Amino acid sequence: MRRFASVEDRKALEAEMAYGERDLPVTLYQFLTRTRDAHGARNAVSFQILSGAGDPAATMSWARLHRRVTQAANLFRSLGIGETDVVAFLLPNCLETAVTLLGGAVAGIVNPINPLLEPEQISAILRETGARVLVTLKSFPKTDVAQKAAEAVKHAPAVTTVLEVDLNRYLTPPKSWIVPLIRPRNAVGHRADVKAFNAECDRMPDDRLSFDDCGTDRVAAYFHTGGTTGMPKVAQHKYSGMIYNGWQGKTFLFDETDVLMCPLPLFHVLAAYPVFMSCIASGAHMVMPTPAGYRGEGVFDNFWKLIERWGVTFLVTVPTAIAALLQRPVDASVATLKSALSGSAPLSVELFKRFEAETGVQILEGYGLTEATCLVSLNPPAGEKKIGSVGIALPYSDVRILHADETGSITKECATDEVGEICVANPGVFEGSTYTEVDKNKGLFAGNRFLRTGDLGRLDADGYLWITGRAKDLIIRGGHNIDPAEIEEALMRHPAVALVGAIGQPDSFAGELPCAYVELVKDARVSVEELTDYARSHIHERAAIPKYIEILDELPKTAVGKIFKPDLRKRALARVYNAALAEAGFAVRVAAVIEDKKRGLVAQLEKTGEVDEDAMRRMLGQFTRPWEWVRQAPRAGAVVPGST
């Protein structure tokens, strides 16, 4: 592995040769074959359906995984999948999920779908991608994935084959005897052929592909970035972007002796690329605890014991999971643990410090996005971890802070510490064709090269990237993107509602939670409780239901009448911080919330009595937004709590 401690280390590696000159495989099958040849007998992927440290587990070696991926790719081709045809999967984590992710991309284009979505959202994605084959679960207790799949396929006529995975094979008696007796009935109601995934794979040759591997770079995956409103955006990923993520992991983080605990779902880019592709590149071992990962029954309670069981060296996590883990005592040896990677949402200072205090391990916070095939930057493993930043741009990732107009023409490149839009060019960015829908790519590239992320940020003098806000109007709840339009459109259908502004309010656990501010029709009367009930019944995605609704006499607006959400965000920050301070018994209040050019929204605090400042810092450190003591009168543009 190479040392990565600073921008100078990155530049030294880039100066050796252009990325395209490096000895890298071109296709995913070549990528996997190299690993089979180098590390065939070593463990590749392990899965346990139950969370106990002594529960049964299933493991594939790299040689066995290669054979099964070969069979799966051959199966998909036998079902009519060509290089431009789509294999979708609606699966929790299991060995078959890993096999389908790779096999689908070898045979055609693989399309992972979040099984937590509702059937109408799943069917919208299937229609958008034109999927012909769907791999999903056979009906199984305590999950409705099979039922969702059956309903979605009814409304996705291009799907001609459904391949079912039966999780019962991972159970042992007596549990495995009971499942057939209590398995929920699955009313199919669609015309697609239903077959058993594993039985069909068994019929295929495992020593060779039944077709010629393309031998060239091509689009091999579709990952959806929406779906909450029935109009998903679908990002296209090429072999080169997948392999780039794996190359980064092998170069700086892992070798064949490492064991990665991955309780994140393989339908998410963080698990699929920086984790799984890095394992393929390096020969490291990936462990998946339970189908639902962190959401699995007993996972948090058993987590430290699972790290000891598997000898985990590297943990992949998100801030919400870190917060939950730190509520449990470290009740097992974590001596093998060397590092942890956190992504998907901002990490608070307090979580970073508490995790290091409990485990002796520093978290590497990074930044990536679906549109860039994930990885962009990382706090350097061998260098300074600037808490609150997302680290240094990775080799061959060109990160610029730009201002651009609607057409993508660059109007300004920002200076050091000047805030603008984060724009990225790297081997994971499909220039000009990020989305499957051509119109969605218009204006998406600054200077026809740099992907406009929609995130606002700055680069400091040491080259560290800081995210200060979002240009695109998303709510990020525990790493899950929520489109505020879903909330606004639903509440706007209420006859008493005139206008709605939905934003993400700070939360010490999830990072953000959805909340909504409402302006009523003149003379209309409705209570917050009524609006909350209305939201529950009219918003399809449970995660998008507002945790807080407030009725204002008038929403803040721009000169042209558009809802001015920065003021709503300031109001929410003041309310949440004041409530947290009061609940903890601190004689402190939010005097104002200001917009700082470098830090984004900042809460200005003032004391109303004696305060244990160290305790207060620890408490507010659970949030991701910064604060400071008031040193002067509130600046122009500040929002004072209680003002409208």
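The values are calculated or read from the model by the stated rules, or taken from the named source; none is laboratory data. Please read all numbers here as calculations on a predicted model, not as lab measurements. Here the Cβ positions follow ideal geometry from the backbone for every residue, glycine too, while neighbour counts run over all protein chains shown.
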request  = Select from region 23-58 the residues that are surrounded by fewer than 13 Cβ atoms within 10 Å (Cβ to Cβ) and not aliphatic (A, V, I, L, M) and write down the one among them that is nearest to Y396 (Cα to Cα).
outcome  = D23
task = Answer yes or no: is there a residue in region 59-81 that is surrounded by fewer than 17 Cβ atoms within 10 Å (Cβ to Cβ), assigned by TED's automatic domain parsing to the domain that holds A124 and without any contact (Cβ under 8 Å) to a residue 60 or more places away in the chain.
result = yes
First in region 32-52 and over 29 Å from R295 (Cα atoms), second anywhere and assigned to a strand (DSSP E or B) and modelled with pLDDT of 95 or more, Cβ under 8 Å, 6 or more apart = T35/A44; G40/S61; A41/S61
task = Could you please find all residues in region 185-215 being modelled with pLDDT under 95 and loosely packed, with under 14 Cβ neighbours inside 10 Å?
result = R185, A187, G189, R191, G215
message = Being surrounded by 20 or more Cβ atoms within 10 Å (Cβ to Cβ) and within 22 Å of E406 (Cβ to Cβ) is the filter here; which residues of region 446-473 pass it?
response = A446, F450, L451, R452, T453, D455, G457
message = Suppose the filter is touching a Phe, Trp or Tyr at 6+ places or on another chain (Cβ under 9 Å) and at pLDDT 95 or above; does L126 pass it?
response = no
ask   = Of everything in region 291-301 that's in contact with a helix residue (DSSP H, G or I) (Cβ under 9 Å, 6 or more places away or on another chain) and surrounded by fewer than 24 Cβ atoms within 10 Å (Cβ to Cβ), which residue is modelled with the lowest pLDDT?
value = Y294
query = From the list V110, V179, which residue is without any contact (Cβ under 8 Å) to a residue 40 or more places away in the chain, over 15 Å from A196 (Cα atoms) and of a type in the set (V, I, T)?
reply = V179
message = Only one of F303, F254, F223 is outside any helix (DSSP H, G or I), farther than 30 Å from P119 by Cα and in contact with a Phe, Trp or Tyr (Cβ under 9 Å, 6 or more places away or on another chain). Can you tell me which?
response = F254
message = Pairs needed: first member in region 352-376, surrounded by fewer than 18 Cβ atoms within 10 Å (Cβ to Cβ); second member anywhere, among the hydroxyl-bearing types (S, T, Y); C-beta distance under 8 Å; at least 6 residues apart or different chains.
response = V361/S339; Q362/S339
inquiry  = Here is a check on your reading of the model: is L601 among the aliphatic types (A, V, I, L, M), touching a Gly at 6+ places or on another chain (Cβ under 6 Å) and outside any helix (DSSP H, G or I)?
reply    = no
request  = With the condition kept exactly as written, say whether any residue in region 288-304 is polar (S, T, N, Q) and closer than 17 Å to L65 by Cβ.
outcome  = no
task = Name every residue in region 341-360 that is over 25 Å from L513 (Cα atoms) and not in a helix (DSSP H, G or I), in order of residue number.
result = G360
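Yes/no per residue for (1) in a loop (DSSP other than H, G, I, E, B); (2) surrounded by fewer than 20 Cβ atoms within 10 Å (Cβ to Cβ):
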position: D217; (1), (2): yes, yes
position: A235; (1), (2): no, no
position: P263; (1), (2): yes, no
position: V275; (1), (2): no, no
query = Do you know which residues across region 1-52 are among the β-branched types (V, I, T), farther than 24 Å from G311 by Cβ and in contact with a Gly (Cβ under 6 Å, 6 or more places away or on another chain)?
reply = V7
